[in-house]
């Protein structure tokens, strides 16, 4: 039986106080579609995904609605330089443990439409499981 630990990857985290542009840089450097955001005590704060950044840029450059937070209205791409990750981080996450079966992770990803699962031990990330890695492992490619 393949475990989550067999397919997870390591990704260097950022802090909630880091500016948003650092998430984009990190994704490019590490070749991932997300970056983890971790508190100073090492516990997971959330994830910033490519989707989060796309929504942010769209809202900053296109929307003029009252539903858009005041700090982003008309800000354009400048917002990436000045606002912290805590403004865009996804906090509601599904997580899994490293010793869980990969099939359990696959089921969680399918049920909740997740592309990545943080792998936690005592609230601290030990790795990240990408949907593509689950597919590769479950069909026998490594």
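The values are calculated or read from the model by the stated rules, or taken from the named source; none is laboratory data. Worth saying up front: this structure is predicted, and the values here are computed from it rather than measured. For neighbour counting, all protein chains shown are included, and Cβ atoms are generated from backbone atoms with ideal geometry for every residue, glycine included.
Scanning for something modelled with pLDDT under 75 and in a loop (DSSP other than H, G, I, E, B), does the stretch 74-83 turn up at least one residue? Yes: one or more hits.
Filter the stretch 11-32 down to the residues that are closer than 19 Å to residue 126 by Cβ, part of a helix (DSSP H, G or I) and touching a strand residue (DSSP E or B) at 6+ places or on another chain (Cβ under 6 Å) and list them by number. Before you say what the answer is, go through the steps one by one.
Keep residues of the stretch 11-32 that are closer than 19 Å to residue 126 by Cβ, which gives 11-15, 26, 30, 32.
From what is left, the residues that are part of a helix (DSSP H, G or I) are 26, 30.
Residue satisfying the conditions is 26 alone.
Look at residue 8 and say whether it is within 15 Å of residue 118 (Cβ to Cβ), touching a strand residue (DSSP E or B) at 6+ places or on another chain (Cβ under 7 Å) and modelled with pLDDT of 90 or more. Yes; evaluated as a whole, the condition is true for this residue. Restricting attention to the stretch 20-30, the residues being buried (at least 18 other Cβ atoms within 10 Å of the Cβ) and touching a helix residue (DSSP H, G or I) at 6+ places or on another chain (Cβ under 7 Å) number 3. Within the stretch 33-48, if we keep just the residues that are at pLDDT 95 or above and part of a loop (DSSP other than H, G, I, E, B), the residue that is surrounded by the most Cβ atoms within 10 Å (Cβ to Cβ) turns out to be 39.
For the stretch 103-123, filtering for residues that are under 25 Å from residue 41 (Cβ atoms) and part of a helix (DSSP H, G or I) leaves 0. Residue pairs whose Cβ atoms lie under 6 Å apart, sitting 6 or more positions apart in sequence or on different chains, and linking a residue in the stretch 119-142 that is without any contact (Cβ under 8 Å) to a residue 40 or more places away in the chain to a partner that is surrounded by 13 or more Cβ atoms within 10 Å (Cβ to Cβ), are 131/109; 131/115. Here residue 92 meets the list (1) assigned to a loop (DSSP other than H, G, I, E, B); (2) out of contact with any strand residue (DSSP E or B) (no Cβ under 6 Å at 6 or more places or on another chain); (3) at pLDDT 95 or above almost entirely, failing just condition (3).
Of all the residues that make up the stretch 88-126, how many are under 17 Å from the mean Cα position of the chain (by Cα) and at positive phi? Residues in the stretch 88-126 being under 17 Å from the mean Cα position of the chain (by Cα) and at positive phi: 2 in total.
Residue count for the stretch 1-10, restricted to those that are assigned to a loop (DSSP other than H, G, I, E, B) and either over 14 Å from the mean Cα position of the chain (by Cα) or surrounded by 18 or more Cβ atoms within 10 Å (Cβ to Cβ) (or both): 4.
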